[in-house]
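Below: the structure, in structure tokens.
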């Protein structure tokens, strides 16, 4: 069913775009076959690599599949808009207008160009996003405290060791007090990703590196991965918290298991357990991969929640749909009562749909300020 759904855009493109073209049948057939293969990217991944989530073929081929897959989807949308416009004109004029081949060529070129642009923007080492967040009653000792948030790195054949190394170098250059990683480190098994994640061992911050799981860890043995990351000097906050001290002042950093943990047989996300024993009155920064639980965190007195998961919506317009799936939260800073929620666009994104148009990746440095 999953692969059939992704075949529907291809069917629209064949019937409404390719067949009306004034081309020889052989050329039409060749184009249809190329687009069919691209539209079944996830089936090819499952058959060749054992998983739709982690294509294990060369990076250039992963990029090529993403370009064709996205181009088919966009061209199907463009064609449906053209058809709707044609029907609207026909209803007003009582005759169907003739669609010149040049119109279809323009649609095809536009879909391909946007796809190439979107994939190229998705696979870069992300630019720095610098921001300040004011927290009420933040101890003066933590005014100016710098956190770097990495999230949704999806280290894979698309985002391999060289990319990870570049992200680590850029992160270390930011001189952070703390680095937090809010889930979805990887796509692929630990045996296949061991070399690609190795550069993460070089991450350095004065108060350490804190990490939580995302949903993708649970597709590939989250326990093995988090033990591996703990051995790389990360502090894994699995429904736990840590306390950062500056003299008598304290700041709590807490983390939750991903919402999918329980389905995988791991302890479910539990904020009450994570905050048990936390010092009273200390501001709490919560790491939660999914932003959708933010209202519960606000009710529990959390000062700041850092999340990812949504990839910022990836495409302007589509972000509104993803917001609905995450209780209205998709990208940027939100205020929920006394709490602030920051939903990160992601350091990278899933290699199964690597496209960004108007929702760029980010390497995020957050400077805490004392609010009033």
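The values are calculated or read from the model by the stated rules, or taken from the named source; none is laboratory data. Computed from a prediction, not measured in an experiment: that's the story for all the values here. So basically every Cβ, Gly included, is an ideal-geometry build from the backbone, and we count neighbours across all protein chains shown.
Summary table below
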item	result
Residue among 271, 363, 368 that is within 17 Å of residue 184 (Cα to Cα), surrounded by 17 or more Cβ atoms within 10 Å (Cβ to Cβ) and at pLDDT 95 or above	363
Any hit, the stretch 131-154, residues being more than 27 Å from residue 303 (Cβ to Cβ) and either surrounded by fewer than 17 Cβ atoms within 10 Å (Cβ to Cβ) or touching a strand residue (DSSP E or B) at 6+ places or on another chain (Cβ under 6 Å) (or both)	no
Residue in the stretch 266-289 that is outside any helix (DSSP H, G or I), within 30 Å of residue 62 (Cβ to Cβ) and out of contact with any strand residue (DSSP E or B) (no Cβ under 8 Å at 6 or more places or on another chain) present	yes
Hey, residue 218 in contact with a helix residue (DSSP H, G or I) (Cβ under 7 Å, 6 or more places away or on another chain), closer than 23 Å to residue 326 by Cα and surrounded by fewer than 23 Cβ atoms within 10 Å (Cβ to Cβ) or not	yes
Close pairs (6 angstrom Cβ cut-off, 6 or more residues apart or separate chains): within 24 Å of residue 251 (Cβ to Cβ) in the stretch 304-318, in a helix (DSSP H, G or I) and modelled with pLDDT of 95 or more anywhere	305/294; 305/297; 307/291
Residues of the stretch 236-265 satisfying the condition of being surrounded by 16 or more Cβ atoms within 10 Å (Cβ to Cβ) and in a helix (DSSP H, G or I)	264
Single residue of 354, 300 found to be modelled with pLDDT of 95 or more, surrounded by fewer than 18 Cβ atoms within 10 Å (Cβ to Cβ) and in contact with a helix residue (DSSP H, G or I) (Cβ under 8 Å, 6 or more places away or on another chain)	300
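Results for (1) outside the structural domain of residue 68 (by TED's automatic domain parsing); (2) in contact with a helix residue (DSSP H, G or I) (Cβ under 8 Å, 6 or more places away or on another chain); (3) within 16 Å of residue 64 (Cβ to Cβ), shown as yes or no for each residue.
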site	(1), (2), (3)
9	no, yes, no
12	no, yes, no
26	no, no, no
31	no, yes, yes
41	no, yes, yes
44	no, yes, yes
48	no, no, yes
